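Where a number appears in this text, it was derived from the coordinates with a stated rule and is not lab data. Treat the numbers as computed from the prediction; the structure is a model and nothing was measured. With ideal geometry, Cβ positions are generated from the backbone for all residues, glycine too; neighbour counts draw on all protein chains shown.
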Amino acid sequence: MSKENIYSPNKGRNFYSVKEILNKIFFTFKKKRKIFYELLYLTFAIKLYHKISAKIIIFFVKRFGFDFYNNNKILRLLFFSGIRGMSLEEIFRIREPHIIKIKKNDDKILDDNYKNIIIEIREKGFCNVSNIFNLKDKDAENVKNFFKTKELYNGHDPLQSDLKKINYSKIYNHEAKHEIFNKGYFSFDVETSLENQLINNLFTSKKLKIIADLYCGFDTEPYTISTMLNIKKEILHPVTSFHRDTDDFISLGFFIYWSKTDKNNGATKYKIGSHRKDNNNNSEFILEANPGTIIAGDWMGLHSGNQKMEDRERLITMIRFGKKINQSYMQTKSYYFF
Ligand SMILES: [Fe+2]
């Protein structure tokens, strides 16, 4: 179980000063403040609230079943941070029975393409789904050029940055003094990503939703979208250590690569099968990708970013599907966009 216990390098760590925390709390992407969501966002700061929420979720799941909790918008809103207050054991104890139940439907999937994808994700934790979309080199080139004209934040997510938008031409100018700002990860906000027509089409694509619905076993919708840029430098950031994304008990995320990645240039690593409780094979797989590649993954499995960015920059868009109100939706303040 030792490897299974690896959770998140961020858990229990605080990278922010009081001033930075206050800035995050008041940050609204220059939009009209959504007070209700912001009050809930405040509970992120209260560890005791996570613990209590965890107990409440466990109670509801035990008493009324996972589906009841999963479909209940009010419980999700009030206790979205409960998953943070849980041990990995507790998370798997909720997630596993649901997966065992829905897996029985995999055989009934009529379309062989989809069926094979789902079976592969169940087994390994990820699957290359590029052939469903067939994006071309030219598409990737257009997307890269589009983002070069846009402003970005100096963290792997806007809310994990100093909250100041900068010009693309400034990305090599800054010195890294902060633990997570200016570490080689930059990000564009939701609005900028969705301004791009191709990305917008993917976000609303029926095909991504079908894959996510089949994998999760319920009606899903996108809950976050982010486009990330890595610059050419050695990257030491918490996400370049093996970790699990505990957005929710079950969800599916699509990584769309606009640049070529390999083991020396930003390729994500995944421990095969580490999304399953019964797994004991922990071989590491390097997700090398050509421009236009789409990887569907269960990022609850152990994965890590890559510290090496030797020859080129990396641009990647991530779209995650599941039940919309979850910890990641709240943490990224996606409620300002959709
Ligand atoms: Fe991650």
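Among rounded, prolate and oblate, which fits the stretch 60-172 when a ≥ b ≥ c are the square roots of the eigenvalues of its C-alpha gyration tensor, a/c under 1.5 means rounded, and a/b larger than b/c means prolate?
oblate
Say the dipole of the chain comes from +1 at the beta carbon of Lys and Arg and -1 at that of Asp and Glu; which of 267, 188, 61 then lies farthest toward its positive end?
After comparing all options, I get 61.
Can you tell which of 32, 164, 124 shows the greatest fluctuation in a Gaussian network model of the chain with Cα springs below 10 Å?
32
How many nm is it between the label spots at residue 312 and residue 170, if each spot is 7 Å from the Cα in line with the beta carbon?
The answer from the label model is 2.7 nm.
Treating only the Cβ of Lys, Arg, Asp and Glu as charged (+1, +1, -1, -1), what charge dipole size does the chain show about its Cα centre? Round to the nearest 20 debye.
Using only the charged Cβ atoms, the result is roughly 960 debye.
Could you compute the FRET efficiency for residue 68 and residue 48, with r as their C-beta to C-beta distance and R0 at 25 Å, rounded to 0.05?
The computed FRET efficiency comes out at 0.50.
Could you list 300, 330 so that the one with the fewest beta carbons within 10 Å of its beta carbon is first and the one with the most is last?
330, 300
Quick check on the exposure proxy: order 37, 16 from fewest to most C-beta atoms within 10 angstrom.
So the residues, fewest neighbours to most, are 16, 37.
Mean separation of Cα pairs under 8 Å and 6+ residues apart, divided by the residue count of the chain: what relative contact order is that in percent?
22 percent
State, to one decimal in nm, how far the label point of residue 233 lies from the label point of residue 33, with both points 7 Å from Cα in the Cβ direction.
Going from the residue 233 label point to the residue 33 one covers 3.4 nm.
For the stretch 181-338, what does the alpha-carbon gyration tensor say about shape, rounded, prolate or oblate, given a ≥ b ≥ c as the root eigenvalues, a/c under 1.5 as rounded, and a/b over b/c as prolate?
Oblate shape, in that a/c is at least 1.5 and b/c is the bigger or equal ratio.
Tell me, what ³J(HN,Hα) does each residue in the stretch 34-42 have, in order and in whole Hz, if you take phi through Karplus 6.51 cos²θ - 1.76 cosθ + 1.60 with θ = phi - 60° and put x for Gly and Pro?
Result, rounded to whole Hz: 9, 4, 4, 5, 5, 5, 5, 4, 4.
Short version: ³J(HN,Hα) in whole Hz for each residue of the stretch 285-290, in order, from phi by Karplus 6.51 cos²θ - 1.76 cosθ + 1.60 (θ = phi - 60°), x for Gly and Pro, what are they?
Karplus-based 3J(HN,Hα) across the stretch 285-290 equals 10, 9, 7, 7, 9, 8 Hz.
Using per-residue counts of other Cβ atoms within 10 Å, averaged over each peptide, order 262-272, 46-56 from highest down.
Per-residue Cβ counts within 10 Å, averaged per peptide and sorted highest first, yield 262-272, 46-56.
When the helix-only estimate is applied to the chain (DSSP H runs of n ≥ 4, each -39,500 (n - 2.57), divided by the residue count), what is the mean residue ellipticity at 222 nm, nearest 500 deg cm²/dmol?
-10000 deg cm²/dmol
Under 23 Å Cα-Cα from residue 148, which lysines qualify once same-chain neighbours fewer than 8 residues away are excluded?
Within reach: 30, 136, 138, 164, 165, 170, 183, 232, 233, 260, 308.
By a straight-distance test (C-alpha under 17 Å), which aspartates and glutamates pair with residue 271 as possible cross-link partners, with residues fewer than eight away in the same chain excluded?
Excluding near neighbours in sequence, the set is 4, 120, 123, 245, 262, 284, 288, 298.
Using only the Cα atoms of the stretch 252-330, build the gyration tensor, take square roots of its eigenvalues as a ≥ b ≥ c, and label the shape rounded, prolate or oblate: rounded if a/c is under 1.5, else prolate if a/b is larger than b/c, else oblate.
oblate
Can you work out the Karplus-derived ³J(HN,Hα) for every residue in the stretch 329-335? Use 6.51 cos²θ - 1.76 cosθ + 1.60 with θ = phi - 60°, whole Hz, and x for glycine or proline.
4, 6, 4, 8, 6, 5, 5
State the answer as a single residue: which of 163, 149, 224 lies farthest towards the positive end of the charge dipole of the chain, with beta carbon charges of +1 for Lys and Arg and -1 for Asp and Glu, about the Cα centre.
So the residue we want is 163.
For a quick check, take a GNM of the chain with Cα springs below 10 Å and name the residue from 293, 261, 43 with the largest mean-square fluctuation.
Among 293, 261, 43, the largest mean-square fluctuation in the Gaussian network model of the chain belongs to 43.
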